[in-house]
1. Stretch Lys143-Ile110 to full length: gain in nm at 0.36 nm per residue minus the Cα-Cα span?
2. Would you grab the residues whose amide H sits under 5 Å from the one on Leu105? Only those 5+ places off in sequence or on another chain, please, with H modelled 1.01 Å from N.
3. Count charges around Pro63 for me, please; just the other residues with Cβ under 12 Å from its Cβ, Lys/Arg as +1, Asp/Glu as -1.
4. In whole Hz and in residue order, list the ³J(HN,Hα) couplings for segment 104-119 that follow from phi through the Karplus curve 6.51 cos²θ - 1.76 cosθ + 1.60, θ = phi - 60°; x for Gly and Pro.
5. Compute the Cα gyration tensor for segment 12-87, then decide on rounded, prolate or oblate, letting a ≥ b ≥ c be the square roots of its eigenvalues: rounded whenever a/c is under 1.5, prolate when a/b is larger than b/c in the other cases, and oblate in all that remain.
6. With a point put 7 Å past each Cα toward its Cβ, work out how far Lys69 is from Gln124 in nm, to one decimal.
7. Quick one: 3J(HN,Hα) in Hz for segment 5-17, Karplus 6.51/-1.76/1.60 with θ = phi - 60°, rounded, Gly and Pro as x.
8. Where Lys and Arg each count +1 and Asp and Glu each count -1, what net charge lies around Phe87 among other residues with Cβ under 14 Å from its Cβ?
Amino acid sequence: MFTHKDIQYRSIFVVNCIKNRNLRVSSGELLLEDSDEKKTLTKFPFQKILALFIIGPISITTPLIEKCKKFNVALVVMKANLRPVFFYSATAEANFLLREKQYLLDKREISIAKFIVWNKVKNQLQVLQNMRKKNEVILKAIKTLDQATTEGVIHRNKAARDKSKLSKHLI
């Protein structure tokens, strides 16, 4: 899982390997070399790389994959027309900031969950309102969801939910 510091201090590197370029791993760094002159063009420390996009034909070595895995670097290889050929990444959650907030909260605190449920109910209400053909069941659901959002019928405990108007009308 990415931390806030990962996003703040690590960078995404795009490497153009269309014209005689090679990648090599040496002493914990990724070296970009010109294959004709055998000259190192630049060095990338793996600690500073969040993702590595490589454009053009290239050979990927085992040490490169090992370092990408060790430092959680996403690796994407693309053709010259930017069509992806290969993708490697350690699993990372897209909602890392939300998860971090959830882990830091008290176990009994459900404010984030209430907010997510609230947004889901509002979204469902909007979807139902935008439907062209509305039958009696859909109109009843719209009315119930509208009341739930305006009167705050989304309750914290099961007993209150069972008594609420929202659970009576929805299956």
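Coordinate-derived values only; no laboratory data. Treat the numbers as computed from the prediction; the structure is a model and nothing was measured. For neighbour counting, all protein chains shown are included, and Cβ atoms are generated from backbone atoms with ideal geometry for every residue, glycine included.
1. In short, 9.3 nm is gained.
2. none
3. Result for the neighbourhood of Pro63: +2.
4. The phi angles translate into 7, 6, 5, 4, 8, 7, 10, 5, 5, 4, 4, 5, 5, 4, 4, 5 Hz.
5. oblate
6. For the pair Lys69/Gln124, the computed spacing is 4.3 nm.
7. Computed from phi, the couplings for segment 5-17 are 5, 4, 5, 6, 10, 9, 10, 9, 10, 10, 10, 8, 10 Hz.
8. Numbers: positive: Lys69, Lys79, Arg83; negative: none.
Spelling it out: positives minus negatives among the neighbours equals +3.
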